[in-house]
């Protein structure tokens, strides 16, 4: 300590500048070259600057050699730190304590230790040794930071070569958030010089193996629920039901359908549509109802189906899954002009047989199916007279079965048309019943097309005509549905799969039981909640189908297919591949014409960009 005191007695006052002094300007060394109303300093590199005296601190009175000669000197400073033992000294004293001399070079090296902030802190005039516990904590933090930097540098080196390690997954979660539209910034992507977008993040995650090529991000990007609802399901209440088990009922669906929610019967000249009585188990504002409202509809993705209601409800209520099924049956006559009359809605018990569209198509000449078809044909002709539009563009079913992508065309067959018209008639009947009895329901509406000229029966004309229609929407007030050719319509036949169908059932059941249905305000709230989510579901399903079609093309480099030119724009053609119901853009090297059929192959399946780059096979 006596040594420290002797140094303090020789402490040089650091408040006076002279030409040649070594100064501190911000964090850089500076040499004083002139003094007037301001101090002119020279910085490394030869640049000069005039500053106020309060902008600089004196490190050594000089004379200071060239700044390039200020080489940092290393020293063991722990002994000097221990000797200070909490005492306050100036820079000159500390330089002599550490290096044994006070020169411009040792002054600058000493200040580097102070600026480093581990062992010492303060100003050039007043420097103190830091407590041991703070030094230990800071040293540990610096070591952690250094390790983190090393890990970062190693990770970035791997990523630049298209590789990753398991240890990188935690850091790469930020890129995954961008890929899922959950974040808009990524330090990793910026460091790699990539634009920060969901598509670019998706491509990066595939390239480095964080996501497999097959990973489908689209439902997650829309924030959709991907788990099954896990709620208790009550038993079916014991209530009066009309016995319709004497009628043959047919639940006609695509093969593999797991949600059979409707069936058709005919009783003389009366058509019955029996619909799963979901509202019997899911009353308004029950826990099941709130869950279904939040989900809005089933998600039918190629790789998975995510239900809006627990599967136990389908097991209890699915039409044809048990010998006798509870239903809400909608009965009506279809008159000679195709209009509906004598509408009746009743809770019922039915006995239904499940068959596929293909099986039904082979039986259309049988008496029962021929009778049903005569009525639905009559109904379809009325819709056509009222402007119904039939847009015959290719449709396919896309499924992932044991990892294999299976794409099956959905041909326009008579049995499918028959069932479609029966379901539309049931929806119209429910809407008219609701209007006749002042029951608030959600009406499906669609404004008329911008062009009423029906297209020719070819793909380019159908492709262009589709653009004339605005999306349909649900509302509390009845208006026409132009695309269906109906003055009034309410979606009613899929309460296992669509929430607003379920709400219509709740409203009808309330009326039939003498209870008070939901009012318009409550109905409007439910329509808004369901429409917001169901729109996202439709987008997710559409994008997911495209995703898996591209996976199929990627896996089959030998694929060749026919495509039709449906639109031309300068030298870009829009192609439609009917067997995949896939649109693609093609920059043509030779003239092509709308409607021309081309044989193409897939040059590249851009999974993140959801685009197939096709090439004409010569």
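For the reader, a short list of remarks on this structure follows.
- Identity of the residue in the range 84-102, touching a helix residue (DSSP H, G or I) at 6+ places or on another chain (Cβ under 9 Å) and either surrounded by fewer than 16 Cβ atoms within 10 Å (Cβ to Cβ) or not assigned by TED's automatic domain parsing to the domain that holds residue 121 (or both), that ends up nearest to residue 131 (Cα to Cα): 85
- Checking each residue in the range 213-231 for being free of Cβ contacts under 8 Å to residues at least 60 places away in the same chain and in a loop (DSSP other than H, G, I, E, B) picks out 215, 217.
- Test for residue 483: is it at pLDDT below 95 and either touching a strand residue (DSSP E or B) at 6+ places or on another chain (Cβ under 9 Å) or in a loop (DSSP other than H, G, I, E, B) (or both): yes
- Condition broken by residue 180, with the remaining ones in (1) touching a residue at least 12 places away in the same chain (Cβ under 8 Å); (2) loosely packed, with under 13 Cβ neighbours inside 10 Å; (3) within 21 Å of the chain's Cα centre (by Cα) satisfied: (2)
- Considering residues of the range 305-332 that are in a loop (DSSP other than H, G, I, E, B) and out of contact with any helix residue (DSSP H, G or I) (no Cβ under 9 Å at 6 or more places or on another chain) only, the residue surrounded by the most Cβ atoms within 10 Å (Cβ to Cβ): 319
- Within the option set 157, 203, 171, 167, being part of a helix (DSSP H, G or I), surrounded by fewer than 19 Cβ atoms within 10 Å (Cβ to Cβ) and modelled with pLDDT under 95 holds for one residue only, 167.
- Total residues in the range 370-402, condition touching a residue at least 12 places away in the same chain (Cβ under 8 Å) and over 17 Å from residue 340 (Cα atoms): 12
The values are calculated or read from the model by the stated rules, or taken from the named source; none is laboratory data. A quick note: this is a predicted structure, and the numbers were derived from the prediction, not measured. Here Cβ is always computed from backbone atoms with ideal geometry, including for glycine, and neighbour counts include all displayed protein chains.
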